[in-house]
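Working notes, beginning with the structure itself.
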Amino acid sequence: MVIGCMVALGSGLVALSRPWRASSGPVRPRIVSLNPCSDAILAEVADPDQILAISSYSKNPDEASLSPAAAARFPSTRGTVEEVVALQPDLVIDGAYAAPSSVTAFGRLGIRFETMGTQRSVADTEADVRRVAALAGHPERGEVLVRRMETALAAAAPPADFTPLDAVMWEGGGIVAGDDTLIGDLMSRTGFTNVAGREGFQQADLYPLERLLAAPPRVLMTSGSGRALHHPALAALHETTRADMPQNLLYCGGPTVIRTAGWLAALREAVRRGEKNVSGRKPADERGLAERGLS
């Protein structure tokens, strides 16, 4: 499932204790990425010819962290051992839910394998950017990307006297993210209070429609599909601003943080202007972030 794979972004890459391929290999490793989140980071920090393939998930423009143009630059695989081995990589990067049988197979074939865990904060994703950049042999590019992320976060921060807006991030199937999540951290940094987290809901807990109707948040963000997310009863939330967040902003860290922070900041400003429904379109101020070179 795409969500499971995307949620597997790393709070720290876990290296399997295997040596590099024979020393006759290249100084900078040839890499196959099997995870859409590592795809996005590698596209920023590795040389293009180092990336032998990205994951097939990144070829879906609705959910990929890479733009269609960026994804089109690279071949992709479905992640089977046969496909990966045929590419003769030095390094494979996948998410935490990698199949144990695949991990074992790569080890027996002498291919180094790294997995990404779950990013729960901006600090986690910055650590992963640095780790992936170091694995690719370009640590300085990791620092450049981290600086871009921090610049975008600073630009997206609310005014010092701003009172955070109560918000619910409602995902496909009616689930929510708790505070111990990357999106929860980004919400708090851009002027929102994660109501579900404050009420004790954890990652992927169901948040009932009845609860939303009984205690409407100031902002309702939805992402994904599902009957509950577009239930007719939501029309009764006259004081709630509603906005559809693109799924490709929700699951990955790294460069995605830049766009997500900008989207959230633009939404905050739309609420301040009194807009009640930005579903189906980008908050107007998001364009300004691109013009400042932060998207």
Quiz prompt | F201 vs. criteria of a type in the set (F, W, Y), at pLDDT below 95 and open to solvent by less than 50 Å² (accessible area, probe 1.4 Å) | solution = yes
Self-check item: Options A64, A53: the member that is in contact with a Pro (Cβ under 7 Å, 6 or more places away or on another chain), open to solvent by less than 40 Å² (accessible area, probe 1.4 Å) and within 24 Å of G224 (Cβ to Cβ)
Solution: A64
Exercise. Would you check which residues across region 81-116 are part of a loop (DSSP other than H, G, I, E, B) and either open to solvent by 50 Å² or more (accessible area, probe 1.4 Å) or closer than 16 Å to A40 by Cα (or both) and list them?
Key: L87, Q88, A96, Y97, L109
Practice problem: Go through (1) surrounded by 14 or more Cβ atoms within 10 Å (Cβ to Cβ); (2) at pLDDT below 95 one by one and return the number of the condition T193 breaks. | Solution: (2)
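Rundown of residues vs (1) polar (S, T, N, Q); (2) at pLDDT 95 or above; (3) surrounded by fewer than 23 Cβ atoms within 10 Å (Cβ to Cβ), yes/no style:
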position	(1), (2), (3)
D124	no, no, yes
R131	no, no, yes
P139	no, yes, yes
R148	no, yes, yes
P158	no, yes, yes
P164	no, yes, yes
A167	no, yes, no
G174	no, no, yes
D180	no, no, yes
Quiz item: Which condition breaks for N35 when tested against (1) farther than 18 Å from R112 by Cβ; (2) modelled with pLDDT of 50 or more?
Solution: (1)
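Of all the residues that make up region 232-280, how many are of a type in the set (G, A, S) and surrounded by fewer than 20 Cβ atoms within 10 Å (Cβ to Cβ)?
Selection size over region 232-280: 6.
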Quiz item: Does A167 meet the test of being touching a residue at least 12 places away in the same chain (Cβ under 8 Å), of a type in the set (G, A, S), outside any helix (DSSP H, G or I) and within 19 Å of Y251 (Cα to Cα)?
Solution: yes
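The values are calculated or read from the model by the stated rules, or taken from the named source; none is laboratory data. Predicted model, so just to flag it, every value in this text is computed and none were measured. Every residue, glycine as well, gets a Cβ built from its backbone with ideal geometry; the counts of neighbours run over all protein chains shown. These area figures cover heavy atoms from the full protein model, side chains too; ligands, DNA and RNA do not enter into them. Shrake-Rupley method; radii C 1.70, N 1.55, O 1.52, S 1.80 Å.
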